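Working notes, structure below.
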Amino acid sequence: ANILVINGPNLNMLGKREPEHYGRQTLGDIIEELETLADDYEVRLYNFQSNAEHEIVERIQTAIEDIDFIIINPAAFTHTSVAIRDALSTVKIPFIEVHLSNIHKREAFRTHSYFSDLAEGVIAGLGPIGYQLALAAAVEKLK
Ligand code: DQA
């Protein structure tokens, strides 16, 4: 199975960015751990990060060709992007929404997500392990 991990804006800054919210691990560290786990599960992992909304929309559109499941942290686009939501609805690829921080325990504007009602599941507040839990759940759902 092919699983695509998408990370939205500013997540390329992980490690340096507000460690009180997002921890000290870099995105590279997180992806490296996920790749090891993907090998164990015998699934193929594809990794994509972008700060640009249209690039994320375009990556989701091309995912229709070969991707079975998406793990997405839309970052700030969680709270703003009808376009990324519509892209996911268009391709109808099942997805899990991941957030490093607990978006329900922060500013009020972070409590609304344009993705949660379409997602297979939502993980928030557990840090980088959230991605690993999402991968385990994706593998289980693809069986
Ligand atoms: C985030 C939470 C969002 O509110 C924020 O804009 C991010 C990261 C998280 O992983 O906790 O960039 O998605």
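Determine whether Val91 is out of contact with any helix residue (DSSP H, G or I) (no Cβ under 8 Å at 6 or more places or on another chain) and at pLDDT 95 or above.
So Val91 does not fit the description; no.
What are the residues in segment 87-135 that are in a helix (DSSP H, G or I) and free of Cβ contacts under 8 Å to residues at least 24 places away in the same chain, if any?
Scanning segment 87-135 gives His104, Lys105, Ala108, Ile129, Leu133.
With Glu42, Glu55, Glu33 as the choices, which residue is at positive phi, surrounded by fewer than 20 Cβ atoms within 10 Å (Cβ to Cβ) and among the acidic types (Asp, Glu)?
The match here is Glu42.
Count, please, the residues in segment 117-128 that happen to be more than 15 Å from His21 (Cβ to Cβ) and surrounded by 14 or more Cβ atoms within 10 Å (Cβ to Cβ).
Total satisfying the criteria: 6.
What are the residues in segment 110-134 that are under 13 Å from the mean Cα position of the chain (by Cα) and either more than 16 Å from the ligand (Cβ to nearest atom) or of a type in the set (D, E, K, R) (or both), if any?
Glu120 - this is the single residue of segment 110-134 that is under 13 Å from the mean Cα position of the chain (by Cα) and either more than 16 Å from the ligand (Cβ to nearest atom) or of a type in the set (D, E, K, R) (or both).
Could you please find all residues in segment 14-40 being outside any loop (DSSP other than H, G, I, E, B) and either modelled with pLDDT under 95 or closer than 13 Å to Leu100 by Cα (or both)?
Hits for segment 14-40 are Pro19, Glu20, His21, Tyr22, Leu27, Ile30.
Which ones in segment 86-105 are buried (at least 23 other Cβ atoms within 10 Å of the Cβ), of a type outside the set (Phe, Trp, Tyr) and over 17 Å from Glu18 (Cα atoms)?
Leu88, Ile96, Glu97, Val98
Are there any pairs with C-beta distances below 9 angstrom linking a residue in segment 67-78 that is part of a strand (DSSP E or B) and modelled with pLDDT of 95 or more to a residue that is among the charged types (D, E, K, R) and near the ligand (Cβ under 10 Å from one of its atoms), with the two at least 6 apart or on different chains, and if so which?
Taking only residues 6 or more apart or on different chains, the pairs are Ile71/Glu97; Ile72/Glu97; Asn73/Glu97.
Tell me, yes or no, whether segment 66-76 has at least one residue that is away from the ligand (no atom under 16 Å from the Cβ) and crowded, with 17+ Cβ neighbours inside 10 Å.
Within segment 66-76, one or more residues are away from the ligand (no atom under 16 Å from the Cβ) and crowded, with 17+ Cβ neighbours inside 10 Å.
Could you check His79 against (1) within 16 Å of the ligand (Cβ to nearest atom); (2) buried (at least 18 other Cβ atoms within 10 Å of the Cβ); (3) not basic (Lys, Arg) and say which number it fails?
(2)
The values are calculated or read from the model by the stated rules, or taken from the named source; none is laboratory data. Nothing here was measured: the structure is a model prediction, and the numbers come from that model. We place every Cβ from the backbone using ideal geometry, glycine too, and count neighbours over all the protein chains shown.
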